[in-house]
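The values are calculated or read from the model by the stated rules, or taken from the named source; none is laboratory data. Given the structure is predicted, the values throughout are model-derived calculations rather than measurements. Heads up, the Cβs are rebuilt from the backbone with ideal geometry, glycines too, and the neighbour counts pull from every protein chain shown. Protein only, heavy atoms only, side chains kept; ligands, DNA and RNA dropped before computing areas. Shrake-Rupley method; radii C 1.70, N 1.55, O 1.52, S 1.80 Å.
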Amino acid sequence: MHQDIIPLYAADIQDQLKKQFAYLSGGRGGDGCPVITFPDYPAFSEIPEKEFQNVLTYLTSIPSLRDAGIGFILVIDRRQDKWTSVKASILRIAASFPGNLQLVLVLRPTGFFHRALSDIAFKFNRDELKMKVPIIMLGSVSELQGYIDKTQLTEDLGGTLDYCHNRWLSRRTAIEGFAQKVKETAQILQSFGTELAETELPNDVQSTSSLLATHTEKKDKMKEDIKLAVEQGDDILGSITKPVTENPEYKLNQDQLDNQTTVERLLAQLHETESAFDEFWIKHQQKLEQCLRLRNFEQNFREVKAALDIVSERLSAFTDVGNSYSHVEHILKDLANFEEKSHETIAKARMLASEGDEFIQSNHYAVDSIIPKCSELHHLCDVFTTAAEGRRNLLNKSLELHGLLEKSMKWCDEGIYLLASQPVDKCQSQDGAESALQEIEKFLDTGASNKIKELNKIYREYAHILNEDLKEHVQKVFQKQESMEEMFQKRQVSLKKLAAKQTRPVQPVAPRPEAFVKSPCTSPGLQREYIPNSESSALRRVNYRRGKSEMTELHQSRGGSTMDDEENLAVLRQHVINELIETERAYVEELLCVLEGYAAEMDNPLMAHLISPELQNKKDILFGNMEEIYHFHNRIFLRELENYVEYPELVGRCFLDQMEDFQIYEKYCQNKPRSESLWRQFSDSVFFQECQRKLDHKLSLDSYLLKPVQRITKYQLLLKEMLKYSKNCEGAEDLQEALTSILGILKAVNDSMHQIAITGYDGNLNELGKLLMQGSFNVWTDHKKGHSKVKDLARFKPMQRHLFLHEKAVLFCKKREENGEGYEKAPSYSYKHSLNMAAVGITENVKGDAKKFEIWYNAREEVYIIQAPTPEVKATWVNEIRKVLTSQLQACREASQHRTLEQTQSLPLPASSCTSPSRNHIRNTKKMEERKVDLASLEGYGTTAAPKYPEKGKGWAKTSHSLDASEENDGWSSAEDPLNSSDAEEEGGGGGGEMKLTPGKYTVVTDYEKGVSEEFTVKSGDVVQLIREGEDGLWYVKNLSTGREGWIPANNLLMLIGNSKSAQSLSSSESGTASSTLSTSSSCSDSNASSTSFSDIKG
């Protein structure tokens, strides 16, 4: 009977098949019917029905449908069984067999009794059995061979068919497992293919790359599974065909042939599935790779497009056509460097465009998106190349024009030199005049190749580069050329007259200075963005013309020789201003080169890999405020200097106007030690080497970092040179003031460099006010408090101390030399103690040493004897301390002015002094002459010119003492307790007035060459007689050394006589040893009163 077919596999019923109560040997009947053998199995009746049905169902499902359709032949071997069992077996088989039965062959029992019984029983039950299946009872295997060929029977049935049940079972399990593997593989590949087909392509490179990697990994795993399955199938097929391989005459039975066909079919199916998947994967992989290349192309396009926009923007900034030959050369060099740097960007853009063209040629799926991008890249590259070429052509044309202009200016300068170098005395003779005339004519012949011939032609030929500034420059050069030619014409006329007639000596008139003044700038500056105030510019020109007119009249009165001298001075001034401007331009260009070539490159992402991590974010330390310095010089100072190119003697005003801005150098110099230390750490960095290579610099960066320090010291040298040639010019005073101011800035820079080296000070140095002075001294201490031996030791053993004088305190430090190189070798200063200037007093002279002075504290509770290196240094420090104390005194007075005015009284004069009254208010009628000092270097300006003596009303009152008087003292002693500020107030009635001058003899302590009368001068050491006081704060003085007399302003007189004491005062104290001390203190008492004290202590 037939039942619903349930797919069974050998692996599922392996234990049931192993019982071998039925098996499919592979034999066939005559018409190809499959033979199923039921061997003798004693426990046949005990087999569970489910197992019995499973085995029969599985065995009948193995043959092909064609063979199974013919029907099965059952061979039931019951030779060792009983008839009752045979009948039951036949009936059970017939009832449970799921396939078609063609024939049932039963080998009946071989025993006599059971064989006879089976014959009888079969006859009686034939009809019953016949109704179920056709059954043939056989007595022996020979009879069986009559129905089934011997070759189709197994050995236990007398046949020759090779059959092993375990081998059969193993092979069936393998074949079915392989079939299941092939089926699962096909399903997985189909599922994976569907997943790939439905995957959306990402929009960025990372996601696309990740997706491609994921899919490739899955594909590789699939291919590995397929490979394993193929190997499995090949192994099974090899085991099936192994007998034939070993014995070519061996013939496979039908079941073996069917198994071979099945495995071969499965292998073919597997290969077919693999080939289909490979074909699909190639397309999918190609699409993913195209997508990845597209995303890379799009990302590179965005980056290259941004880079092209940047280089195009930078190229558009090259609008300056230059204002000098060197400037244009610099711009051309910058343009060439820029094009070299931009070449990489342009090359990337063109390469990317070529890559896009390849995508288009290979029929990329996103051609519509690629074509516009490629077109844009080609367009941007062509536009940049064209613009760069156009800009280069413009600059070359500008270089050509500036070459013409500079040739003309050089020719003019050579002509001016020629005129200035022709000696007047030699031109008096006919031969000399003819020789000079020939020189001029020979020089004029060189003008054909050097001078500008037609101005309009220049305008037409260079119209496309002529901006307003350049056009103005061309006009000035042409005007200079015309002025020079006019000078030559005048000189020619004079020389021709001298050469033609020599009846009497004739002095040719040298060219007037106006020719030099009117000549335009020989070295044009950078493009001007700032237009000076028209009124101030006009005022300068009016003043200059007035001075020039006066100078011309003076020249005419003194003759041609003087005019030649002034002409030579004008040429020298012109060359000083040219050097100043040219070096300023070079300085600005060097700063720009450093900022662009080094500082900017530290922020360049393309150079980041060359910068060590320790150097990153250190740009501010390395370069300081160099950018601020560059902007000041480029935008302001250089352009202001160019305004004075025609008026070089007035350039001092330019420095004075910008003097405050020069303070930025203090910040740069203070940072220089940190910068140099950082440079030494990374001087061999690949980054700096690469920057130096790109800039084509022969010197390393540290040489350029020193440029600001060198430049600020260069100005004073140029100002000195200009002042040397401008002593009789209108701007001489401004030049002197500018020189003094520059020296002051250098001093402030130097002082600040020392100040930042102070260590150990707990407070904020900025709270102490401006640093006024600093320097090294020998210091003795002498305090009221302390053991006498300690005091004696302190007096005889000096300490080396470095003093820092601030507005509010004086600091005592110990200088410590450091080991190292460069700025690291600079000393440091260990803070020891400080004195508040509000409680400080000074004694200017100490017996026995003109280099010593005293600083005392809290009414001489603490006394410090200071020994300066030189008397000049001492004088400078004393004057500066005096100014500080005076300013503090004045501040306190102003705070309590109403009380001070009530208590103000005149200071009583000593009994021995002249009773001639002195005025309480001496008006300053003339500007105090400042001392001149030189500055050798930054380290050499620890002292400067002595400050001006305090003006009227500053709160100073003192008695002068001669040096002789101080030498007569037994010696300075701290026991000579001079009056402190409170004592001075009681004796002097407040001490608010200025020093009282009285008639008498005084010794001059400094030179003076500028009195009211130009002929009245005094020298240091001269004895002067103060005769009488006149009007407007003037004193009539007689120099007893020269016998000359004259008027001197009182405030100048105070400086001249310094600490000298009048002869009359000395005579009044001859009976005893005189000791005088000028003590000055500035303090605010509880009542906010302040005072200065002056006393004479007689021995």
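The table below gives the values:
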| item | result |
| --- | --- |
| Conditions (1) farther than 24 Å from Leu592 by Cβ; (2) touching a residue at least 12 places away in the same chain (Cβ under 8 Å); number of the one not met by Met351 | (2) |
| Enumeration of residues in region 590-644 that are free of Cβ contacts under 8 Å to residues at least 24 places away in the same chain and in contact with a helix residue (DSSP H, G or I) (Cβ under 7 Å, 6 or more places away or on another chain) | Lys619 |
| 3 or more residues of a type in the set (D, E, K, R): qualifying helices (runs of 4 or more DSSP H) within region 567-642 | 638-642 |
| Ser85 part of a helix (DSSP H, G or I), farther than 27 Å from Gln256 by Cα and open to solvent by 20 Å² or more (accessible area, probe 1.4 Å) | yes |
| Matching option when the condition is in a helix (DSSP H, G or I), modelled with pLDDT under 85 and not small (Gly, Ala, Ser), among Glu200, Glu217, Glu224, Glu195 | Glu195 |
| Contacts under 7 angstrom Cβ, first residue in region 273-290 being closer than 12 Å to Leu196 by Cβ, partner open to solvent by 70 Å² or more (accessible area, probe 1.4 Å), 6 or more apart | Lys287/Tyr365 |
| Helices (runs of 4 or more DSSP H) within region 445-526 that include 2 or more residues open to solvent by less than 40 Å² (accessible area, probe 1.4 Å), modelled with pLDDT under 85 and out of contact with any His (no Cβ under 6 Å at 6 or more places or on another chain) | 468-500, 514-518 |
| Some residue of region 727-735 being modelled with pLDDT under 90, touching a strand residue (DSSP E or B) at 6+ places or on another chain (Cβ under 8 Å) and either open to solvent by less than 40 Å² (accessible area, probe 1.4 Å) or β-branched (Val, Ile, Thr) (or both) | no |
| Subset tally (residues that are among the hydroxyl-bearing types (Ser, Thr, Tyr), at pLDDT 85 or above and touching a helix residue (DSSP H, G or I) at 6+ places or on another chain (Cβ under 8 Å)) for region 327-368 | 2 |
| Filtered residue count, region 366-380, keeping only those that are open to solvent by 60 Å² or more (accessible area, probe 1.4 Å) and of a type in the set (S, T, N, Q) | 1 |
| Near pairs, Cβ below 9 angstrom, 6+ apart or cross-chain, from region 403-415 (under 14 Å from Ile440 (Cα atoms) and open to solvent by 70 Å² or more (accessible area, probe 1.4 Å)) to any residue that is assigned to a helix (DSSP H, G or I) and of a type in the set (Ser, Thr, Tyr) | Glu414/Thr446 |
| Hits in region 153-197 - residues which are among the basic types (Lys, Arg) and under 17 Å from Asp235 (Cβ atoms) | Arg167, Arg171, Arg172, Lys181 |
| Selection count where residues are touching a helix residue (DSSP H, G or I) at 6+ places or on another chain (Cβ under 7 Å) and either open to solvent by 60 Å² or more (accessible area, probe 1.4 Å) or not in a helix (DSSP H, G or I) (or both), scope region 418-436 | 5 |
| The lone exception for Gln890 - which of (1) assigned to a helix (DSSP H, G or I); (2) out of contact with any Leu (no Cβ under 9 Å at 6 or more places or on another chain); (3) closer than 30 Å to Gln670 by Cα it fails | (3) |
| Identity of the residue in region 565-616, over 28 Å from Met722 (Cβ atoms), charged (D, E, K, R) and open to solvent by 30 Å² or more (accessible area, probe 1.4 Å), that ends up nearest to the chain's Cα centre (by Cα) | Asp603 |
| The lone exception for Asn363 - which of (1) more than 30 Å from Ala463 (Cβ to Cβ); (2) open to solvent by less than 10 Å² (accessible area, probe 1.4 Å); (3) not in a helix (DSSP H, G or I) it fails | (2) |
| Residue, modelled with the lowest pLDDT, within region 70-122, restricted to residues that are more than 21 Å from Phe52 (Cβ to Cβ) and of a type in the set (Val, Ile, Thr) | Ile120 |
| Matching residues in region 180-212 - criterion: being open to solvent by less than 60 Å² (accessible area, probe 1.4 Å) and closer than 17 Å to Asn296 by Cα | Leu201, Pro202, Val205, Ser207, Thr208, Ser209, Leu211, Leu212 |
| Residue in region 166-186 that is of a type outside the set (Lys, Arg) and assigned to a loop (DSSP other than H, G, I, E, B) present | no |
| Boolean, Gln710 is assigned to a helix (DSSP H, G or I), modelled with pLDDT of 90 or more, buried (at least 18 other Cβ atoms within 10 Å of the Cβ) and under 33 Å from the mean Cα position of the chain (by Cα) | no |
